[in-house]
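Structure first, then comments.
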């Protein structure tokens, strides 16, 4: 039986998720066209069955909101699947060209590097609010990384000469290298520092 490759070009053979907390939540079952069309929607933990590249593509269609303010909602954020498919394929090409590595492996390692282990919640005692550190759930860790990778790249490409392909690929490579130039790495360090200081 022939091996299935993502976009019919990139293999996932040999790619391993090293973070034991994320192994069950990063799906590496490739598809020629990563677009299931919400087949699993409504099922519990349905996101965990979706190919990780498709989850990143879904975030590109709708990057969500930032700081309770309405974030970018035009151009690439219109939910058009064919546009996002082309963007993702070009991003993978650029990553492969710049790093000389399998781009899917680079994305998986970037997600592992950017996933925060702790965050803070506010608890209230007698009218006063106190921060309390809590462990971050695996699904939330991945959602956090995907959201900030996309929002960081949209921020850099908006009103700029840089395209979303350039900014997203550079965000992913920076996260892969654990560089604080990536929004997701700087945000992760900030959250973990706050959690550590509120013990």
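The values are calculated or read from the model by the stated rules, or taken from the named source; none is laboratory data. The shown structure was predicted, so the numbers you read here are calculated from the model rather than taken from an experiment. Because the Cβ atoms are built from the backbone with ideal geometry, glycine has one as well, and the counts that use them run over all protein chains shown.
Please pick out the residue among 100, 169, 179, 137 that is at positive phi and modelled with pLDDT of 90 or more.
On the way: 169 fails: at positive phi; 179 fails: at positive phi; 137 fails: at positive phi.
After applying the criteria, what remains is 100.
Could you go through the range 67-87 and let me know if any residue there is under 28 Å from residue 155 (Cβ atoms) and at pLDDT 90 or above. Working first, answer last.
Keep residues of the range 67-87 that are under 28 Å from residue 155 (Cβ atoms), which gives 67-87.
Remaining after also requiring at pLDDT 90 or above: 86-87.
Yes.
With the requirement that a residue be over 26 Å from residue 192 (Cα atoms) and surrounded by 17 or more Cβ atoms within 10 Å (Cβ to Cβ), what does the range 91-117 give you? Outline the logic, then answer.
Step one: filter the range 91-117 for residues over 26 Å from residue 192 (Cα atoms), giving 91-104.
Scanning the range 91-117 gives 91, 92, 94, 95, 96, 102, 103, 104.
I'd like the full set of residues that are touching a strand residue (DSSP E or B) at 6+ places or on another chain (Cβ under 6 Å) and not in a loop (DSSP other than H, G, I, E, B), limited to the range 1-47.
Result: 27, single match.
Would you say residue 120 is assigned to a helix (DSSP H, G or I), at pLDDT 85 or above, in contact with a helix residue (DSSP H, G or I) (Cβ under 8 Å, 6 or more places away or on another chain) and surrounded by 13 or more Cβ atoms within 10 Å (Cβ to Cβ)? Working first, answer last.
Working: assigned to a helix (DSSP H, G or I): no; at pLDDT 85 or above: yes; in contact with a helix residue (DSSP H, G or I) (Cβ under 8 Å, 6 or more places away or on another chain): yes; surrounded by 13 or more Cβ atoms within 10 Å (Cβ to Cβ): yes.
So residue 120 fails the test.
Can you tell me which residue in the range 178-199 is nearest to the chain's Cα centre (by Cα), limited to those that are more than 28 Å from residue 74 (Cα to Cα) and in contact (Cβ under 8 Å) with a residue 60 or more places away in the chain?
Among them, the one singled out is 178.
Residue check: is residue 157 at pLDDT below 90, in contact with a helix residue (DSSP H, G or I) (Cβ under 6 Å, 6 or more places away or on another chain) and within 22 Å of residue 65 (Cα to Cα)? Explain how you work it out, then say what you get.
Details: at pLDDT below 90: yes; in contact with a helix residue (DSSP H, G or I) (Cβ under 6 Å, 6 or more places away or on another chain): yes; within 22 Å of residue 65 (Cα to Cα): yes.
Yes, satisfied.
Going by what's in this entry, would residue 109 be described as at negative phi and assigned to a helix (DSSP H, G or I)?
On the way: at negative phi: yes; assigned to a helix (DSSP H, G or I): yes.
Yes; evaluated as a whole, the condition is true for this residue.
May I ask you to say which residue of 155, 139 is part of a helix (DSSP H, G or I) and either farther than 22 Å from residue 25 by Cα or free of Cβ contacts under 8 Å to residues at least 40 places away in the same chain (or both)?
Working: 139 fails: either farther than 22 Å from residue 25 by Cα or free of Cβ contacts under 8 Å to residues at least 40 places away in the same chain (or both).
That would be 155, the only listed residue that is part of a helix (DSSP H, G or I) and either farther than 22 Å from residue 25 by Cα or free of Cβ contacts under 8 Å to residues at least 40 places away in the same chain (or both).
Give the residue that is nearest to residue 58 (Cα to Cα), with candidates limited to residues of the range 147-172 that are surrounded by fewer than 23 Cβ atoms within 10 Å (Cβ to Cβ) and under 12 Å from the mean Cα position of the chain (by Cα).
That would be 147.
Taking the range 17-40 only, how many residues are modelled with pLDDT of 85 or more and surrounded by 11 or more Cβ atoms within 10 Å (Cβ to Cβ)? Break it down stepwise before answering.
Of the residues in the range 17-40, the ones modelled with pLDDT of 85 or more are 17-29.
Going one step further and asking which of them are surrounded by 11 or more Cβ atoms within 10 Å (Cβ to Cβ), we end up with 17, 19, 21-29.
Residues in the range 17-40 being modelled with pLDDT of 85 or more and surrounded by 11 or more Cβ atoms within 10 Å (Cβ to Cβ): 11 in total.
Go over the candidates 54, 18 one by one and state the one that is at negative phi, touching a residue at least 60 places away in the same chain (Cβ under 8 Å) and within 18 Å of the chain's Cα centre (by Cα). Can you show your working first?
Numbers: 54 fails: touching a residue at least 60 places away in the same chain (Cβ under 8 Å).
From the options 54, 18, the qualifying one is 18.
Taking only the range 57-69 into account, find how many residues are without any contact (Cβ under 8 Å) to a residue 60 or more places away in the chain and not in a loop (DSSP other than H, G, I, E, B). Don't jump to the end; show me each part of the working.
The initial filter retains those residues of the range 57-69 that are without any contact (Cβ under 8 Å) to a residue 60 or more places away in the chain, namely 57-58, 61-62, 65, 67-69.
Then keep just the ones that are not in a loop (DSSP other than H, G, I, E, B); that gives 57-58, 61, 69.
Residues meeting the conditions: 4.
Considering only the range 162-199, how many residues are in a helix (DSSP H, G or I) and more than 25 Å from residue 135 (Cβ to Cβ)?
To start, the set of residues in the range 162-199 that are in a helix (DSSP H, G or I) comprises 164-176, 183-197.
Still in the list and also more than 25 Å from residue 135 (Cβ to Cβ): 164-174.
Counting residues in the range 162-199 that are in a helix (DSSP H, G or I) and more than 25 Å from residue 135 (Cβ to Cβ) gives 11.
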